[in-house]
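So the structure is just underneath, and the comments pick up after that.
The values are calculated or read from the model by the stated rules, or taken from the named source; none is laboratory data. Predicted model, so just to flag it, every value in this text is computed and none were measured. When we count neighbours, we look across all protein chains shown, and the Cβ atoms used for this are built from the backbone with ideal geometry, even at glycine.
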Amino acid sequence: MKPLLAAVLLLALAGCARHEAMPVYGRVPAFVLTSQTGAAFDSKSLDGKIWVADFFFTTCMGPCPRMSAQMHWVQKQIADLPDVKLVSFTVDPQHDTPPVLAAYAQRFRAEPGRWALLTGSTATLDALDRNAFKMGNVDGSFAHSTLFALVDRRGFIRGYYHTEEGESLDALIAAIRRLGREQ
């Protein structure tokens, strides 16, 4: 597709999206995991916040470093929105301990208080990945989705965004800003 035509289509879709309700794909249940700081991370801290979630593991040689770099890019794009959070869930809880996650967070310049990298029990992580986000399994296979999920202030999943497509990440930022204007 020619770049100009693609830009026009994206603008048209963005214009339509402003007037149509964003879909709801499900609700994220309450959870308690452990952050890269070693502290308990209670999902209640996300109540009233918009957040972006992904699944990754620190020893990934495939898409995870790209996804984490993109999450850092999202972090920069939303710097003016303090109530927007980023949450990365590991699919390798046996290896990805808080110290390992802390080093990974530093590598990708995760802003403390903004971007949480979480580990915990395999059962909890699997339930979130499989049942809540419907993006995969935490089953030891290390297979995981490369999507980012957008969650609204009430804990409802409002969109999934491909990390392989730059336009999709631009759409994610637009959707974050749109949710930020809603009450």
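What are the residues in segment 126-144 that are buried (at least 21 other Cβ atoms within 10 Å of the Cβ) and either closer than 14 Å to MET67 by Cα or touching a Lys or Arg at 6+ places or on another chain (Cβ under 6 Å) (or both), if any?
First, the residues of segment 126-144 that are buried (at least 21 other Cβ atoms within 10 Å of the Cβ): 128-129, 133, 135, 138, 144.
Once the filter is applied, which keeps residues that are buried (at least 21 other Cβ atoms within 10 Å of the Cβ) and either closer than 14 Å to MET67 by Cα or touching a Lys or Arg at 6+ places or on another chain (Cβ under 6 Å) (or both), segment 126-144 yields only HIS144.
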Based on what the data block shows, is VAL28 under 18 Å from ALA110 (Cβ atoms), among the hydrophobic types (A, V, I, L, M, F, W, C), buried (at least 18 other Cβ atoms within 10 Å of the Cβ) and touching a residue at least 12 places away in the same chain (Cβ under 8 Å)?
no
Evaluate segment 1-23: report whether one residue or more is assigned to a loop (DSSP other than H, G, I, E, B), at pLDDT below 95 and surrounded by 15 or more Cβ atoms within 10 Å (Cβ to Cβ).
yes
Show the residue pairs meeting these rules: Cβ distance below 7 Å; 6+ apart or different chains; first residue within segment 39-50 and more than 12 Å from GLY120 (Cα to Cα) and in contact (Cβ under 8 Å) with a residue 24 or more places away in the chain; second residue among the aromatic types (Phe, Trp, Tyr) and part of a helix (DSSP H, G or I).
none
Checked segment 32-56 for anything assigned to a loop (DSSP other than H, G, I, E, B), farther than 15 Å from ALA110 by Cα and in contact with a strand residue (DSSP E or B) (Cβ under 8 Å, 6 or more places away or on another chain); matches are LYS49
Matching entry among ALA103, ALA79 (being surrounded by fewer than 21 Cβ atoms within 10 Å (Cβ to Cβ), assigned to a loop (DSSP other than H, G, I, E, B), out of contact with any His (no Cβ under 7 Å at 6 or more places or on another chain) and at pLDDT 95 or above)
ALA79
Residues that are among the β-branched types (Val, Ile, Thr) and either at pLDDT below 95 or assigned to a loop (DSSP other than H, G, I, E, B) (or both), drawn from segment 82-100
VAL91, THR97
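Name the residue that is farthest from the chain's Cα centre (by Cα), counting only residues in segment 106-132 that are in a loop (DSSP other than H, G, I, E, B) and closer than 18 Å to LYS85 by Cβ. It would help to see each step written out before you state the result.
First pass over segment 106-132, keeping only residues in a loop (DSSP other than H, G, I, E, B): 108-114, 120-121.
Now narrow it down to the ones that are closer than 18 Å to LYS85 by Cβ: 108-114, 120.
Numbers: PHE108: 14, ARG109: 16, ALA110: 13, GLU111: 14, PRO112: 16, GLY113: 15, ARG114: 12, GLY120: 17 Å.
Here the residue is GLY120.
So, SER68, is that one buried (at least 21 other Cβ atoms within 10 Å of the Cβ), modelled with pLDDT of 95 or more, at negative phi and out of contact with any strand residue (DSSP E or B) (no Cβ under 6 Å at 6 or more places or on another chain) or not? Spell out the reasoning first.
Working: buried (at least 21 other Cβ atoms within 10 Å of the Cβ): yes; modelled with pLDDT of 95 or more: yes; at negative phi: yes; out of contact with any strand residue (DSSP E or B) (no Cβ under 6 Å at 6 or more places or on another chain): yes.
For SER68, the condition - buried (at least 21 other Cβ atoms within 10 Å of the Cβ), modelled with pLDDT of 95 or more, at negative phi and out of contact with any strand residue (DSSP E or B) (no Cβ under 6 Å at 6 or more places or on another chain) - is met.
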Counted residues, segment 145-162 - those being farther than 15 Å from VAL28 by Cβ and surrounded by fewer than 20 Cβ atoms within 10 Å (Cβ to Cβ):
2
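Filter segment 82-95 down to the residues that are within 14 Å of the chain's Cα centre (by Cα) and not charged (D, E, K, R), then identify the one that is surrounded by the fewest Cβ atoms within 10 Å (Cβ to Cβ).
The qualifying residue surrounded by the fewest Cβ atoms within 10 Å (Cβ to Cβ) is LEU86.
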